[in-house]
Amino acid sequence: VGAVLQPIFARLADDPVRQGTAFLRSIAVVGEVAVPVSLLQAALAGPILLVFFGGRWAGAVGSYAALSVGQAFFFAVAPAMALLRGQGRFRTLLLWQFVQLAASAGLYAAVASRGSTAVALLDTLAWAVAVPLAARACLRGTSTPGPGILSAFAAPWLTAIPVSLAACGAWLWLRQFGMAGAWACVLGVGPVAGIAALLLIRVSQPAAYADLRPLVARLRGSAGAFGARVLSRGASGGPGGGR
């Protein structure tokens with residue numbers, strides 16, 4: 001994302017207003033993908049770990065869920081770094097990274113004795129505070145209002161939170177069925193929730209969905225091709241062509 005956005009922001013260096021608008025648009029579009037995926041990953045942390053790693057990783061559910069929520073904030077780091085490079089503000093970029101490193105190292109060391117979940121929660125909190133502040137610093141001088149920045153960050157959450165809560169509720173009910181319930185969540189609840197989030201984006205954020213439309217079309221085409229291959233194999237009696 002950063003490699004694609006940096007030259008775009010650099011070409012808009014002489015027009016700070018358009019540059020700021022392009023940055024907020026990139027935040028909105030990437031967020032409409034990253035936030036629902038991250039929150040769904042957190043909501044289904046239990047069945048995901050159970051299916052892929054077995055019961056021995058049950059103690060990592062809290063850490064995995066917290067880190068997943070953190071990714072719902074972290075996605076904006078790449079566009080923010082690309083904007084600072086496009087603006088030629090390398091000192092600001094270095095200062096941001098140095099302050100983040102120094103603060104994180106000290107805080108993580110302070111809570112490490114409380115376990116991995118505490119460190120993961122702190123990591124989520126750190127990105128939740130640092131990324132919006134970094135975005136505000138990136139847009140200094142672009143006349144971009146503060147509410148516009150908050151709206152770009154908050155909009156994806158409005159569609160992702162209810163879908164993620166519903167997916168979490170489905171797991172709380174399905175976990176009584178053990179491994180079968182976990183597989184049902186991974187193969188059924190997760191994809192259905194992802195489609196539901198996409199439909200909500202289409203209704204509530206039509207501008208962002210318009211930018212996502214080519215990606216959705218490619219995914220639909222890939223899914224159709226995969227389904228056709230599966231059906232053709234089944235009709236021919238498997239990979240051996242029925243021999």
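Of the residues 34, 3, 13, which single one is open to solvent by less than 30 Å² (accessible area, probe 1.4 Å) and of a type in the set (A, V, I, L, M)?
Details: 3 fails: open to solvent by less than 30 Å² (accessible area, probe 1.4 Å); 13 fails: open to solvent by less than 30 Å² (accessible area, probe 1.4 Å).
Just a single option satisfies the conditions, and that option is 34.
Starting from residues that are touching a helix residue (DSSP H, G or I) at 6+ places or on another chain (Cβ under 7 Å) and within 24 Å of residue 15 (Cβ to Cβ), keep the ones in the range 88-106 and report whichever is least open to solvent (accessible area, probe 1.4 Å).
93
List the helices (runs of 4 or more DSSP H) inside the range 137-243, counting only whole elements, that have at least 1 residues being modelled with pLDDT under 90, over 28 Å from residue 61 (Cβ atoms) and not aromatic (Phe, Trp, Tyr). Steps first, answer last, please.
On the way: elements: 146-174, 179-184, 190-204, 206-235.
So the answer is 146-174, 190-204, 206-235.
Modelled with pLDDT under 90, out of contact with any helix residue (DSSP H, G or I) (no Cβ under 8 Å at 6 or more places or on another chain), in a helix (DSSP H, G or I) and open to solvent by 70 Å² or more (accessible area, probe 1.4 Å): is that true of residue 129 in this structure? Steps first, please.
Values: modelled with pLDDT under 90: yes; out of contact with any helix residue (DSSP H, G or I) (no Cβ under 8 Å at 6 or more places or on another chain): yes; in a helix (DSSP H, G or I): yes; open to solvent by 70 Å² or more (accessible area, probe 1.4 Å): yes.
Yes, satisfied.
Kindly indicate the residue of the range 148-200 that is among the polar types (S, T, N, Q) and either surrounded by fewer than 21 Cβ atoms within 10 Å (Cβ to Cβ) or free of Cβ contacts under 8 Å to residues at least 12 places away in the same chain (or both) and also farthest from residue 48 (Cα to Cα) among those meeting that condition.
Within the range 148-200, the first condition is being among the polar types (S, T, N, Q), and the residues that meet it are 151, 159, 164, 176.
Applying the additional criterion that residues be either surrounded by fewer than 21 Cβ atoms within 10 Å (Cβ to Cβ) or free of Cβ contacts under 8 Å to residues at least 12 places away in the same chain (or both) yields 151, 176.
Working: 151: 31, 176: 15 Å.
Among them, the one singled out is 151.
Inside the range 54-79, can you point out the residues that are among the aromatic types (Phe, Trp, Tyr) and over 16 Å from residue 134 (Cα atoms)? First the steps, then the outcome.
Keep residues of the range 54-79 that are among the aromatic types (Phe, Trp, Tyr), which gives 57, 64, 73-75.
Listed by number, the residues that qualify are 57, 64.
The values are calculated or read from the model by the stated rules, or taken from the named source; none is laboratory data. For clarity, every value in this text was computed on a predicted model and none was experimentally measured. Please note: Cβ atoms are built from the backbone with ideal geometry, for glycine as well, and neighbour counts cover all protein chains shown. Heads up: the accessible areas ignore ligands, DNA and RNA and are worked out on the full protein's heavy atoms, side chains in. Shrake-Rupley method; radii C 1.70, N 1.55, O 1.52, S 1.80 Å.
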